[in-house]
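> Pasting in a structure now, in C-alpha cells, and then I'll have a few things to ask.
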Amino acid sequence: MKKRTSRWLAFALGLLLTVGLAGCGGKQQAKADTPVKITYWHRMTGSWDKAQQKLIDEFNQSQKDYKVVATSQGSYDALQQKLMAAAKSKTLPVMAQAPYTNIGDYVKNDFLIPWDSQMLDGANKLSASAKADIFPSFLAAGKYEGKYYGLPYSVSTQVLFYNQDLMTKYNLTLPKTWADLQAMGPKLKAAGLGVIATDQSYDVQLEGMAKQAGHQLITPAKKANLNAPTTLQAVDTILNMRKEGYLVTAGNDYYFDVAFTQGKTVFGIGSSSSIGSVQSEAPKSMHWGTAIIPSFANGSTAAPLNGNDNVLFKGATKQQQAGAWAFQKFLLKQANTAQWAIKSGYVPVTRSGLASAAYQKYLKANPTFKAAGEAADDAFASTVFAGYGDYRNDLMDTVDVTVTKGTAGKTAFDALQQQTEKILKAN
C-alpha cells in the first residue's frame, strides 16, 4: 500500500536533532531601500501555483517593506525532502507549507518559531474579531504544546459524493447514517453495484467514525484508543461491508473517485479536495453532487481535517519574521481567503470568507463545493505529537493487512495499540 508519509522521515528527523538552523533564509543583510526577502516553499503546482502566485504578487505590490519569493517543490514528499536537506545545510526558507501533523516532529527537532509573538502581540497583531473569524478547528490544528506553530492556509474537509442518476434509478435517498448505507447493500449488490467507495486506505473514515462514537484514536492527552470497543466496532463495520461487497476500497489508483466516476458505486467518501478530480473525470452526462458525510454514532458527522498550514522556521531574522507574519495576515483577509478557495477548491479558512458575496456567488455556480464548507464546523484536527510519522505509517500498515491479508480487525488493532503506546511513551 502506498504510504502518505515516507519511512525515511522519522529517521531523517532523528539525525537532525542537533543541527543548527542559523542559516535559515540565507543572507539576512539588505540595503535599507531593498525589501526584505521572504523565501516561501510550497507544494502547489499547475493552476494552484498560478492562483497562489497571484496572491503573492498582490501582497508584494501592496507594500514596499517585504517581498515574498515562492518556490514550488512539486509535492508534499518532495517538499519534505528539501526541508530535511535544507535543515542539514542550514539553508531553510523563512516559511513553508506543511501538513499540520508534521508540527510535533518539527518542534522536537527545534525547527520552528511559533507565530504567537506576531499574531497575539505587537502593533500588527491579529484582532480578537479576526482571530475568532478563523474556523476554530482550522486554527486548533496548528496549535501544539500551547503555541501556534502552524496557521491554516489550504484546508479540506470530508464529504459524501453521490450519483444522482443511480439514486433516482434505484429509488434511494441520501444516507444519514452508516446503517442507511448498509441497508442499501442487498438491492445494489443484486444490481452489480457497490454502495460506497473509499480511498485505498480507510484510515480517515475510521478516525472520523471513532471520534463520532466517542473516542478519538489518539486523544489530546496522548491516550491511544486504537483497540477500544468503539474503534473496533467501526473497523468491523468497514470490513464487513467490504466483505459483503457493499464497500469498495480503491486499488492501485489509491483514491475513491475512480470507482465512483465509473459508476461502480452510488456513493463515495473522501476529501473535498477531490471535488476537482471528480469534475474532470466524471462523464458529462453524469449528475452528481456532494453532501455531509453519514454519521456512525450519536448523530455526529465529525471528520478529521486534511491540508496544510504555513509554518515559520528558526533562523529567520526579526525582519523576516515580521514579513512572514505580514504575508500570513494578508492571506487571512476575507477577500483573500475567498479568492484562494475559489481558485484552489479548498475551504475558506474564515467564516467571513465563506459568507462573502464572492464565494457565495461561486457556490451558486459550483454547488458541489457547498458541503465542504458546511462540514467545517463539525471537523476536527488529528492529535499532533512527536512521532506522528511513525504512528501514521503503522496505522496505514494495519489497515493494509486487514484489507489485503484478511487479518481480523481486533488482531491488527491490538498490535497497533501496543506499537503506538511505545511511540507515545518514547516521545
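The values are calculated or read from the model by the stated rules, or taken from the named source; none is laboratory data. Because the structure is predicted, anything quoted here is derived from the model rather than measured. Counting neighbours? That spans all protein chains shown, and the Cβs are built from the backbone with ideal geometry, glycine included. Just the protein is used for accessible areas: all its heavy atoms, side chains included, with ligands, DNA and RNA removed. Shrake-Rupley method; radii C 1.70, N 1.55, O 1.52, S 1.80 Å.
> By the scheme Lys and Arg +1, Asp and Glu -1, what is the net charge of all other residues having a beta-carbon under 12 Å from that of Val195?
That sum, taken over residues with Cβ under 12 Å, equals +2.
> Taking only Cα atoms, what is the 0 to 90° angle, nearest 10, from helix 46-62's long axis to the longest principal axis of the chain?
In the chain, helix 46-62 runs at an angle near 30 degrees to the longest axis.
> Run the dipole for the chain about the Cα centre, Lys and Arg Cβ at +1, Asp and Glu Cβ at -1, nothing else charged, and hand back the magnitude in debye, nearest 20.
So the magnitude is around 740 debye.
> At what distance in angstrom do the alpha carbon centres of the stretch 40-80 and the stretch 355-393 lie from each other?
With the stretch 40-80 and the stretch 355-393 each reduced to a Cα centre, they are spaced 21 Å.
> Show that you can apply the helix-only estimate: for the chain, add -39,500 (n - 2.57) for every DSSP H stretch of four or more residues, divide by all residues, and state [θ] at 222 nm to the nearest 500.
The helix-only estimate for the chain comes to -13500 deg cm²/dmol at 222 nm.
> Next up: Work from the charge dipole of the chain (Cβ charges, +1 for Lys and Arg, -1 for Asp and Glu, about the Cα centre) and give the residue of Pro220, Thr411, Gly104 farthest towards its positive end.
Positive-end residue among those listed: Gly104.
> Compute the signed sum of charges (Lys and Arg +1, Asp and Glu -1) over the other residues within less than 11 Å, Cβ to Cβ, of Tyr100.
After counting each charged neighbour, the total is 0.
> How big is the C-alpha Rg of the stretch 67-145 next to the rule-of-thumb value 2.2 N^0.38 Å, as a ratio?
It is 1.25.
> How many nm is it between the label spots at Lys410 and Asn298, if each spot is 7 Å from the Cα in line with the beta carbon?
According to this spin-label approximation, the distance is 2.4 nm.
> Continuing with the same structure: Cα to Cα, under 13 Å, and not fewer than 8 places away if on the same chain: which aspartates and glutamates meet these conditions relative to Lys343?
Output for Lys343: Asp49.
> Carbon and sulfur: what percent of the stretch 176-306's accessible surface (1.4 Å probe)?
Taking all protein chains in place, the stretch 176-306 shows 50 percent carbon and sulfur surface.
> Just list whichever of Lys169/Lys284; Lys108/Lys131; Lys37/Lys82; Lys147/Lys318; Lys54/Lys361 have alpha carbons separated by over 25 Å in the model shown.
Over 25 Å Cα-Cα: Lys108/Lys131.
> If you don't mind, another one. Would you tally the net charge around Gly245, using a Cβ to Cβ cut-off of less than 15 Å, leaving Gly245 out, and scoring K and R as +1, D and E as -1?
+4
> So what's the angle, to the nearest 10 degrees on a 0 to 90 scale, between helix 318-331 and the longest Cα principal axis of the chain?
40
> While we're on this one: Provide the per residue accessible area, probe 1.4 Å, for the stretch 199-269, rounded to a whole number of square angstrom.
37
> In square angstrom, what is the accessible area per residue of the stretch 68-170 with a 1.4 angstrom probe?
In whole numbers, the stretch 68-170 has 37 Å² accessible per residue.
> A follow-up question, please. Probe of 1.4 angstrom, ligands and nucleic acids ignored: what's the accessible area per residue over the stretch 383-427, in square angstrom?
Roughly 43 Å² per residue, with all protein chains present.
> Using only Cα atoms, find the angle between the long axis of helix 76-89 and the longest principal axis of the chain, and express it within 0 to 90 degrees, rounded to the nearest 10.
Approximately 30 degrees, to the nearest 10.
> Oh, and also: Rounded to the nearest whole Å³, what is the per residue volume of the convex hull around the Cα atoms of the chain?
Residue-normalised Cα hull volume stands at 136 Å³.
> Within the accessible area of the stretch 75-142, what % is carbon and sulfur when the probe is 1.4 Å and the other protein chains stay in place?
57
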